[in-house]
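> Can you keep this structure in mind? I'll have questions shortly.
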Amino acid sequence: MSVSVLSPARSLVPKKILFPLLLVPMFLGGVDSTLFNSIAYDLPVLTDSWRLWFIDGYTIALASSVVLGSRLGARWGPGVTLATGLFVFALAGAAPALLDSPATWTATRFVQGFGYALIVSSVASVIGGLPNTTERTLGYSLWITTYSIGAGTGPLIGRAFVDMGAYTLLFWLPAAVAVVCGVLATLLLRGIDLGQAVSQKIDVASSALAFLGFGLFVAGLQSHGEALGRMLATVAGCGILAVFCMRQLRSRDPLIDVRMLPFSRLGACSLSLVVGSACYTGSVFLFGVQSDSLLSILPVSVLALWVSLGGFAFHKLQSRFSPVHMLQVSLAACALGLVVAAFVGLWPASFLIGLGVGVSMASGDAYLLGSVPPKDVARAAALQETSLAVGAALGVAGFGGIFAAIGSVAGTSVIAAVLVVTVVWALRFNRGVITA
């Protein structure tokens, strides 16, 4: 995300129109975050690891281009960026309804992820640039609530349309809504002016390195292809990401400020965001595998409700625990929930996982943004958004890859729980000063 100092947004659009216009795309994003995770095995065109690639293509593109989207927004203006993102999201989202191969379906998901990156960055700019503190607070609260509602309804919508044999509508309907919002954004939001950003540099080369490196790294986690090829993809991805990091270290205006990532500084917070986000998307994918009706998908759907509850619980608990302990306990709850899913059932598991994910995300956000001086908040916010998107992709790839290898939901849950516990153990070595 660009380091920018923005003047208050100036728009004649009434808030009763502006907020719905910004929040409907957030609802679409929330639905998309769980919709295809939960029904990937019921889409007839997708086979083998293409299911994972179809989901992950979206999050890979989002993770590697959300910061680029903010730079484009600084140059084009948030209204134009939002409209462009909505049209790209709509066209790419509807394309699978007209295509019939897993490769082309997956390609459209990469494009759709880039469109959503433009949407997220522009919505954040408009809400963050509102002149009134109360309006900004309301905007952020509505954003989180709307996204959570969308995430909760995604599995229900997906299962309902799949059971009716009308899965193609899952591509057409969101696209139609996005087109309407894009037209309205074009007509109503062109006048929004956030002032001149300090930085409008568009580092396409760094964005390309991030996209290619992260994509290859995720490819190594997938079950598609021979083991040697996946290992080589992982090594190549790590090498390209290393080049990306070196480029950022040498840049005066980096896309992602990797100087913030030492474990004693913000690395622990960023790691918690990645793992919490991965537990969420991975759990939705894994539990959706064994769901074949609206009733069986309910525990997956209410997971988003428990995540919201976890965010509320953080604000009640943060004064009682140290930051590192808060991060550890929240991730430990995720691990316990995965074990409960393996040996007890999905209802109690969804509560534990959702609560743990909600607390870990809320605490990771608060500690990451609260541990930097005001001049570095924009860079920390870029790290935050990227961490969440990276976790979303790794969750599906990791959980899906393990499941494809062993064929057991219970076994996958236990292995994932062990990995999360390892992270919990590693957090105890953080010696930095973390504050909310």
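The values are calculated or read from the model by the stated rules, or taken from the named source; none is laboratory data. This one's a predicted model, so the numbers in the text were calculated from it and none came from an experiment. Positions of Cβ are backbone-derived with ideal geometry, glycine not excepted, and every protein chain shown enters the neighbour counts. Please note that ligands, DNA and RNA were not included when accessible areas were found on the heavy atoms of the full protein model with its side chains. Shrake-Rupley method; radii C 1.70, N 1.55, O 1.52, S 1.80 Å.
> What are the pairs with Cβ atoms under 6 angstrom where one residue, in region 126-144, is in contact (Cβ under 8 Å) with a residue 60 or more places away in the chain and the other, located anywhere, is assigned to a loop (DSSP other than H, G, I, E, B) and not β-branched (Val, Ile, Thr)? Sequence gap at least six, or different chains.
Here the result reads Val126/Ala9; Gly129/Leu6; Gly129/Pro8; Gly129/Ala9; Gly129/Leu194; Leu130/Ala9; Pro131/Pro8, each pair linking region 126-144 to a residue that is assigned to a loop (DSSP other than H, G, I, E, B) and not β-branched (Val, Ile, Thr).
> Just a yes or no: is a residue in region 346-356 closer than 30 Å to Gly432 by Cβ and open to solvent by 50 Å² or more (accessible area, probe 1.4 Å)?
In the first step, residues of region 346-356 are kept if they are closer than 30 Å to Gly432 by Cβ; the result is 352-356.
Imposing the further condition that a residue be open to solvent by 50 Å² or more (accessible area, probe 1.4 Å) reduces the set to none.
No; the residues of region 346-356 include none that is closer than 30 Å to Gly432 by Cβ and open to solvent by 50 Å² or more (accessible area, probe 1.4 Å).
> Considering only residues that are of a type in the set (Val, Ile, Thr), within 24 Å of Leu286 (Cα to Cα) and in contact (Cβ under 8 Å) with a residue 60 or more places away in the chain, which ones fall in region 319-344? Spell out the reasoning first.
So in region 319-344, the residues of a type in the set (Val, Ile, Thr) come out as 324, 329, 339-340, 344.
If we keep only those that are within 24 Å of Leu286 (Cα to Cα) too, we end up with 329, 339-340, 344.
Within region 319-344, Val339 is the sole residue that qualifies.
> Taking the condition in contact (Cβ under 8 Å) with a residue 60 or more places away in the chain and either open to solvent by less than 30 Å² (accessible area, probe 1.4 Å) or more than 29 Å from His325 (Cα to Cα) (or both), does Leu266 pass?
Working: in contact (Cβ under 8 Å) with a residue 60 or more places away in the chain: yes; either open to solvent by less than 30 Å² (accessible area, probe 1.4 Å) or more than 29 Å from His325 (Cα to Cα) (or both): yes.
When the stated conditions are applied, Leu266 passes them.
> Being of a type in the set (Phe, Trp, Tyr) and assigned to a helix (DSSP H, G or I) is the filter here; which residues of region 292-336 pass it?
Taking region 292-336 and keeping what is of a type in the set (Phe, Trp, Tyr), we get 306, 312, 314, 321.
Within region 292-336, Trp306, Phe312, Phe314 qualify.
> Might you let me know whether region 69-76 holds any residue that is hydrophobic (A, V, I, L, M, F, W, C) and crowded, with 24+ Cβ neighbours inside 10 Å? Explain how you work it out, then say what you get.
Narrowing region 69-76 to residues hydrophobic (A, V, I, L, M, F, W, C): 72, 74, 76.
Among the residues that remain, those that are also crowded, with 24+ Cβ neighbours inside 10 Å are: 74.
Checked against the condition, which is being hydrophobic (A, V, I, L, M, F, W, C) and crowded, with 24+ Cβ neighbours inside 10 Å, region 69-76 yields at least one hit.
> If you check Ala416, Ala410, Ala366, which single one turns out to be assigned to a helix (DSSP H, G or I), more than 26 Å from Phe285 (Cβ to Cβ), touching a Phe, Trp or Tyr at 6+ places or on another chain (Cβ under 8 Å) and of a type outside the set (S, T, N, Q)?
Details: Ala416 fails: more than 26 Å from Phe285 (Cβ to Cβ); Ala410 fails: more than 26 Å from Phe285 (Cβ to Cβ).
None of the other options fit; the residue is Ala366.
> Can you pull out every residue in region 226-279 that is among the hydroxyl-bearing types (Ser, Thr, Tyr) and over 22 Å from the mean Cα position of the chain (by Cα)? Walk me through how you get there before you give the answer.
At the first step, the residues of region 226-279 found to be among the hydroxyl-bearing types (Ser, Thr, Tyr) are 234, 251, 264, 270, 272, 277.
Within region 226-279, Ser251, Ser264 meet the criteria.
> Being touching a helix residue (DSSP H, G or I) at 6+ places or on another chain (Cβ under 8 Å), assigned to a helix (DSSP H, G or I) and open to solvent by 10 Å² or more (accessible area, probe 1.4 Å) is the filter; apply it to region 248-262 and report the residue that is nearest to Ala304 (Cα to Cα).
Here the residue is Val258.
> What are the residues in region 363-397 that are open to solvent by less than 10 Å² (accessible area, probe 1.4 Å), among the hydroxyl-bearing types (Ser, Thr, Tyr) and over 24 Å from Gly237 (Cα atoms), if any?
Listed by number, the residues that qualify are Ser363, Tyr367.
> Another question about this same structure. So, restricting to helices (runs of 4 or more DSSP H) that lie completely within region 98-215, which ones have at least 2 residues that are among the basic types (Lys, Arg)? Steps first, please.
On the way: elements: 102-128, 133-163, 169-188.
Answer list for region 98-215: 133-163.
> Something else now. Among the residues of region 81-110, which ones are open to solvent by 20 Å² or more (accessible area, probe 1.4 Å) and either touching a His at 6+ places or on another chain (Cβ under 9 Å) or of a type outside the set (Val, Ile, Thr) (or both)?
Scanning region 81-110 gives Phe87, Leu91, Ala95, Ala97, Leu98, Leu99, Asp100, Ser101, Pro102, Ala103, Ala107, Phe110.
> Here is a further query. Restricting to region 398-432, and then to whatever is farther than 20 Å from Leu346 by Cβ and touching a Ser or Thr at 6+ places or on another chain (Cβ under 7 Å), can you tell me which residue is most open to solvent (accessible area, probe 1.4 Å)?
Only one residue fits best here, namely Arg431.
> While we're looking at this one, here's another question. What tally of residues in region 315-330 results from selecting those that are at pLDDT below 85 and hydrophobic (A, V, I, L, M, F, W, C)?
In the first step, residues of region 315-330 are kept if they are at pLDDT below 85; the result is 315-321.
So of that shortlist, the ones also hydrophobic (A, V, I, L, M, F, W, C) come out as 317, 321.
So the answer is 2.
> For region 98-111, which positions are free of Cβ contacts under 8 Å to residues at least 60 places away in the same chain and in contact with a Phe, Trp or Tyr (Cβ under 8 Å, 6 or more places away or on another chain)? First the steps, then the outcome.
From region 98-111, those free of Cβ contacts under 8 Å to residues at least 60 places away in the same chain are 98-104, 106-111; that's our starting set.
Within region 98-111, Leu99, Pro102, Ala103, Thr106, Arg109, Phe110 meet the criteria.
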